[in-house]
Amino acid sequence: MKRILQVIIVALLILPFSPAWAQDRTVTGKVTSQEDGSGLPGVNVTLKGTTTGTVTNVDGVYSLSVPASGGTLVLSFIGLKTQEVQIGNRAVIDVQMASDVTQLSEVVVTGYGVQEKRTLTGSISSVKGDVFQNLPVQSVDRGIQGRLAGVQISSTSGAPGGALNVRVRGIGSINASNDPLWIVDGVQLSRFGQTTQGSSNPLAAINPNDIESVEVLKDAASAAIYGAQAANGVVIVTTKKGKKGKTNLDVSIQRGAVQPFNLYEVMDGKQFATIKAESYVNAGLPLTGPTGAHTVFGDPNDDNLTNFSWRDELFRTGQLATYDISMSGGDDKTSFLLSLSYQMQEGQIIMNDWQRGTARLNLTHKPISKLTIGTNISLSYQRTFGSITNGNFVNGPFQAAFTAQPTSTAYNDDGTFRNPYPSSGSGHLFGYNIVQGVNEEVRLGRVPQTVSSFNIGYEIIPGLTINGFAGIDASFGTDNNQRPGTIPVFAGGQMVVVSRRTIAYNANTTVNYTKRFGDIHQISGIAGFEYRKEERGGVTASQFTYPNPALRLLSSGATARPAGEFFFDNARQGVFAQVKYTLKDRYIVDGTIRRDGSSRFGPNNRYGTFFAGSVAYRISEESFMDGITWLDDLKIRAAYGRVGNSEIADYDWYTAYGSPAAGSVGIPAGAQYLGGSILRLTRLGNDIIGWEEEDQFNVGIDFSLFGGRLFGSAEFYNNVTNNQLFNVDLPTDSGLGSVRGNVGEVLNRGFDFELGGIVLDRGGFQYRVSANFSTLYNELLSLPNNQQRLVNNGVQLIVGEPVAFPFLLQFAGVNPANGKTMIVDRNGNLAYQGTQDDVDVRGTYIPTYFGGLSNNFSYKGINLEVFFQFQGGNSAFNGDLYNLHAAGSSANNQLVSQLNRWQNPGDITNVPRAYQGGIIDGFDQQHGTFGSTQFLSDASYVRLKQVTLSYNIPNALVSKIGLNKVNVFVQGLNLWTATKFAGIDPEVVSNNNGTAISSFGVYPLGKQFMAGVTIGL
Amino acid sequence: MKKILISTVLIVAFASCSLETEDQASLSPAQALDNVAGVQSAVLSAYRRLHEFDMYGQNSMMVGDALADNFEIVNRTGRYEQEVVNAIGTFANRWANAYRAINDANFVLKYLPLLNINQVPSTATLTSQRVLDQLKGEALFVRALAYSELLRIYSYEPGKEVNGFNLGVVLRSTPTEVVSDADKRTRSTNTECYQFVENDLVEAVNLLITPAEQTTSGAWPSSLGAITNPFRANRAAAQALLARVYLYMGRYADADTRATAALALLANPVPVAAASYVTSWSATTHPESIFELEIRPTDWSGVDGPNNSLASITTNLASGFQYVAAASPELIAAHEPGDVRLGVYVTNASTLSKPQARKWPGEKGSGVENIPVIRKAEMYLIQAEARARQGGNDAGAQTAINTLRTNRGLTATNLTGAGLIALIMNERRVELAFEGHRWFDLKRNGMDITKPAAAGVNTLPYNDFRMLQQIPNSQIVLNPNLVQNPGY
């Protein structure tokens, strides 16, 4: 039946061209996709200069009568590059068609609507979902890393499902969030992750394989319609929809592995015992006796000295698996997409894993021709078994795997965990056996989440529609953290349960209008109203003293502990309008205005107005350009506008007197004294704080040359953020630390380049390149009260410098005469000890350039993508080296490089003399409170981010077993890195506003390898 | 049909649009402190600040021993290692937390006078006015204690200045309630600061209830909860602290008077008997306490026991305890034969090679215990030192010191003059070891710090700049009016 239908459809399509019977010979052939080799149905095949033509059938096959003399075939299809082929005397002509990479006729998703890319006046970068289809990434932000000019993305954690920093055109805010606004099918996502048991990423609720496209609105012209939320850019994620036609079923299966790379090389038992003994001798401490080095750390000359690798015990090759099923289709009235997925990824550290299941239903229905209703329902469930990271925690494997003493083992002879660690009983790492801890502590986070919406649209008159939208991002996380009684330091066992909920919903009504008056004028516009509310709350409870580690409910604990609760909410509402006028398809003017109100500000400063205006000129449409045949398209554009940022804490504008939390960490119960409740000032308010405002200027040029062989854009932007919402530090003798204020200006300025093209296209072989490169100049322009310097949350800020920079003493190496580390003081002299006056700016933590380079090779269904990602110009401070680069002075195991310690006068090395305690004659060899550039290094890197090799099994073979499509692929991520960074991973340097300030124990990325198959039924 | 659709669309968007929020966690100060229970909660907040770990909860009780000569590092965990060798750094950092307690007290002192006396409860023992007086007296006491702690760390005592450096600390007598209150102030002189502390305590003595009243059943309004002695300040505590402050100021006659007055207010002024001295340190409430901070397990997180408790710093009595420091051999040697106080230092051949101090056994579990801030024994030591240093009253000094000595298993002394003073100083070292006094006792007398041999560093002369601690550098950068101590 299906076959018959197809034949009828094809016949109907061919009928209009039937007058061509008179021609005297026939050419046939098959039109296939250059990307995957599949047959392309519906392609127009015409004889140039005539009305003779046909379209390809469902398998991409065509047949056309042509004159005996031949001629030229023209093959065209929307979205593909039109091709002309000389017939000659051939009877069979197979043609491969490529995507129209110029994409200038393409439609892009913009705020509350869509626009044709060729008439855009603002700055929008976009990525199609194919780019990260089937990549072993857990969230879309990882999938678009390095793909977009002006969008700098780096991991804050390499943990599976971990978070990333996404920075659109720099760092505009010092204290408010710098995260862009993420919108998934109209739902404005909450910024807050729902578990603290691992690195948590709010975007991980969305299966990247469900995504059709990602658009980043980078300037005021494109983003001002989001007003007060637009200063950090807006990322619009659109998921796939069903298409009219037969129902497709795609199944994808992948398996793979993840491996750690570039881990620190630490000493073995003998090396460690040797340097410890030396450090004791140098410090005048005994080798023998109860506190002697040999007793505590072992005797290096002991042939039976223990040598245990904690690192090898804790790191591993983890498994990856992904299973995806999606079904889509539709008819005239209804279309649908249904997808299910399961993904599992183990970490490179033992016990750590992440699992996610997702389900999605995208449904559109037109009960009558003017009315469209639709819903996108997305459900996900994430389960994380986390690992302690991002801190100098003795119970975190990224610290203790390297610092635990190799002269002690994790196990007793009978295989049980050694307690207390280490065998000497010295109490190193608080006696905590890290291998036992990682194996036995439970750090479980479970988060069900939905990002779902409902929409309705009605066409009042042609060109005028009214739309309603309501969407919700709701998640309910539960964290269970068990510290079992089998670990002695947690005497009796401890259990902490945190239950969190975040509910963010937004609703809007828009009226969209578009009208063309003849060939000259075109006008379009949007007007609307929007409301958003976000509510976060949760309960923390804990209980101590458990009879057995297998019992984990709070009700099993014998010692009652205080419970705590938290609650925050905020609301925002806005009205907005945008109008665009196009004259003769070449002169374009666009204006946007939005007025927003936020509960985060006091009544006097609650509302702000944001706006943008932009113009564009499509020079290539002018008649005087007609002679320049190699130029397909050329547009220049300029935009200026003001957008806002209000991503600060919810209630900062008023002074609060309340009950503080008890306990210096953790349990947020109300504090008490002598059984009585406590009240104190918990926040100093400032009711005149208002919006951060960012004035954004953008100019750009878009071009397409040589029939789409070379295309791209170049842009310059200059953004100044005013009224920075600072935590202005107060003198602590006031009893308080800081207060919010609107002070200071930050400049971000840079160039964004995107360039794509076909380098080689010959004999079915095609080599395509897509590249982007961005520069970023960040500068603090002013501070409150014309100060030149300010300490903000303990971080130094200096006018004229970037907003994040290393502020350190200048390390001057080790004095060859005596093995002490030195610095260069403010007068340029060498010194052993620096003061505040010797501390200075040492470069920047913010990358000054970044980008990506994708190389795509394809030949007869074989496709190879080689993708490099890079960033640079920044330094990073590696706090791990405080522990690991200590010249044997501490009880921690250390880098093998520490064996190059200074030993004799004249030794040239950067490792000081081994000296127990690390303080030689009162001088801290790591430069104490100020720190020096000793542990600072250039964090620039180039990374081979992705290599994917895929093969589309030819249709002829595939169809024999009743399938539509079979694609097999192998891929690898993070395969190679070039860097000078003195740490594990230059990408994952723990974050401060997306800058590269490293800290202790970050979770680096792993190398991932995957193989998989996608089958279309 | 069309209208229905359009209105449906509009309703979707306009439903429930409000910018109201519901902060469930806070009030304005005026709302919070418009009733006597709220004001008492602010007083309790100030007490709670005092047992933070960088106050009496840990550092105040340890750093005076570490910087001087009572500590020997046993396990190198990074803690107190730099203090023991007097490295250049920021130690004994009270600049933030002491001022937080001061700010809490200043809120009480601002809002308490605004209360309606008719709404303040009374009892058979205390009138409403005396209930208010007690709360005010407690605020003054906490403020004075916090300032005296700041002064001994950051300033020279009046008359003991090196190179004439006479700055005290920043004085604040009103709360920081709005931004302009947090102005950038200069340091007052040490004399002005000590005068400020003296005024607070003299007033507190007049306001606070006596220990006898405090222990009278039903004296405190039941609606205001507990006022258990010695966990909230009474008149004896104020007298005792004033005695200590006068001793630091070198006003020996006043110190003697106040110490005597403090003891006179106690139901039992006699020090703990020799036989029960060692066990007194494992009693939940120290029997000699004139003022003690109460700590409950709920005040700490699960890891504070091993991470931060005094028991963890000084012992390995529980798993995970760090046992950072033992008593230095010099401290042990300072004891005379027969001294029962040697009994708190535990050594045994098999596991403990160094004398482990057991003053802080964490008897409430997981390292939790109360912190005695002022003990009776200190009053006898103040009487003795004050009388001996005034001259002409060695007999009185002997009486005081011998009251203590005979309760510590020692014979009475009949030394006089410099010998007597040296004996009293040694007695202070031994009696108050591991309670954070040693460094400050040497400093206020202008004495050099002889370091223990194990520290491996030279004697620190009194005129070394490290005798004053560094004000946190961030504060100096922030506040151009704030002068750093010399040398940093």
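The table below lists the values:
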| read-out | value |
| --- | --- |
| Value of [θ]222 nm, deg cm²/dmol, for chain B, DSSP H segments ≥ 4, -39500 (n - 2.57) each, nearest 500 | -13000 deg cm²/dmol |
| Listed residue (B:Thr413, A:Ser335, A:Leu320) projecting farthest to the positive dipole end of the protein assembly as shown, Cβ model | A:Ser335 |
| Members of A:Lys241/A:Lys533; A:Lys965/A:Lys1007; A:Lys370/A:Lys515 lying beyond 22 Å, as alpha-carbon distances in this model show | A:Lys241/A:Lys533; A:Lys965/A:Lys1007 |
| 17 Å Cα-Cα reach of A:Lys580 towards aspartates and glutamates, excluding residues that sit fewer than 8 places from it in its own chain | A:Glu116, A:Asp219, A:Asp519, A:Asp590 |
| Reachable lysines, given that their alpha-carbon falls under 17 Å from the alpha-carbon of B:Lys110 and they are not under 8 places away in the same chain | B:Lys136 |
| Region B:112-120 - phi-based ³J(HN,Hα) in whole Hz, Karplus 6.51/-1.76/1.60, Gly and Pro as x | 4, x, 8, 5, 7, 4, 5, 9, 8 |
| Cα centroid of region A:602-653 to Cα centroid of region A:169-201, whole Å | 23 Å |
| Mean residue ellipticity (222 nm) of chain A, computed from DSSP H runs ≥ 4 via -39,500 (n - 2.57), nearest 500 | -1500 deg cm²/dmol |
| For residues of B:45-52, the mean tally of beta carbons on other chains within 10 Å | 5 |
| Order by protection proxy (mean Cβ within 10 Å, highest first), peptides B:195-205, A:327-337 | B:195-205, A:327-337 |
| 12 Å Cα-Cα reach of A:Lys244 towards aspartates and glutamates, excluding residues that sit fewer than 8 places from it in its own chain | A:Asp331, A:Asp332 |
| Charge sum, other residues only, whose C-beta stays under 14 Å from A:Ile823's C-beta, Lys/Arg counted +1 and Asp/Glu -1 | -2 |
| Karplus (6.51, -1.76, 1.60) ³J(HN,Hα), θ = phi - 60°, over region B:38-44, in Hz, Gly and Pro reported as x | x, 5, 5, 4, 5, 5, 5 |
| Unit charges at the beta carbon, dipole of region B:206-320: most positive-side option, B:Thr279, B:Thr210, B:Ser301 | B:Thr210 |
| Per-residue ³J(HN,Hα) for region A:941-950, Karplus 6.51 cos²θ - 1.76 cosθ + 1.60, θ = phi - 60°, Hz, x for Gly and Pro | 8, 10, 10, 6, 6, 8, 10, 10, 10, 10 |
| Pairwise centroid distance, computed over Cα atoms, of region A:441-495 with region A:790-819, Å | 41 Å |
| Dipole axis of chain A (+1 Lys, Arg; -1 Asp, Glu on Cβ), positive-most option in A:Val442, A:Val803, A:Thr364 | A:Thr364 |
| Relative frequency of Cα-Cα separations exceeding 59 Å in the protein assembly as shown, percent | 28 percent |
| Where labels lie 7 Å past Cα in the beta-carbon direction, separation of A:Lys366 and A:Val114 in nm | 1.2 nm |
| Protection-proxy order for peptides A:457-464, A:950-957, each taking the mean of Cβ atoms within 10 Å per residue, highest first | A:950-957, A:457-464 |
| Interchain or long-range residues, amide H under 5 Å from A:Asn433's placed H | A:Tyr421 |
| 5 angstrom amide H check on A:Thr52, placed H, neighbours 5+ away | A:Leu47 |
| Computed magnitude of the charge dipole of region B:234-448 (debye, nearest 20; Cβ of K, R +1, Cβ of D, E -1) | 180 debye |
| In degrees, nearest ten, helix A:269-282 long axis to first principal axis of chain A (Cα) | 50 degrees |
| For A:Thr375, net neighbour charge (Lys/Arg +1, Asp/Glu -1) across residues whose Cβ lies under 13 Å away | +1 |
| Formal net charge of residues neighbouring A:Ile350 (Cβ-Cβ distance under 11 Å; K, R +1; D, E -1) | -3 |
| Size of electric dipole in region B:220-358: Cβ of Lys, Arg +1 and of Asp, Glu -1, about Cα centre, debye, nearest 20 | 160 debye |
| Within chain A: Cβ-based charge dipole about Cα centre, in debye rounded to nearest 20 (Lys, Arg +1; Asp, Glu -1) | 2520 debye |
| Mean separation of Cα contacts under 8 Å (6+ apart) over length of chain B, as relative contact order % | 19 percent |
| Mean separation of Cα contacts under 8 Å, 6 or more apart, over the residue count of region A:765-895: relative contact order % | 24 percent |
| Angle in degrees between helix B:376-390 and the longest Cα principal axis of chain B, rounded to the nearest 10 | 60 degrees |
| Relative contact order computed over region B:234-448 (Cα-Cα under 8 Å; 6+ residues apart), in percent | 24 percent |
| Shielding by partners - mean other protein chain Cβ count within 10 Å, residues of A:795-805 | 0 |
| Distance (nanometres) between label positions extended 7 Å along Cα→Cβ at B:Asn348 and A:Asp837 | 5.7 nm |
| Folded to 0 to 90 degrees: helix A:2-14 orientation relative to chain A principal axis, Cα | 60 degrees |
| Distance-filtered residues of region A:239-262 - backbone nitrogen under 19 Å, label point 7 angstrom along A:Leu1017 Cα→Cβ | A:242-243, A:245-254 |
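Coordinate-derived values only; no laboratory data. Computed from a predicted structure; not experimentally measured. Glycine also receives a Cβ, built like all others from the backbone with ideal geometry; neighbour counts cover every protein chain displayed.
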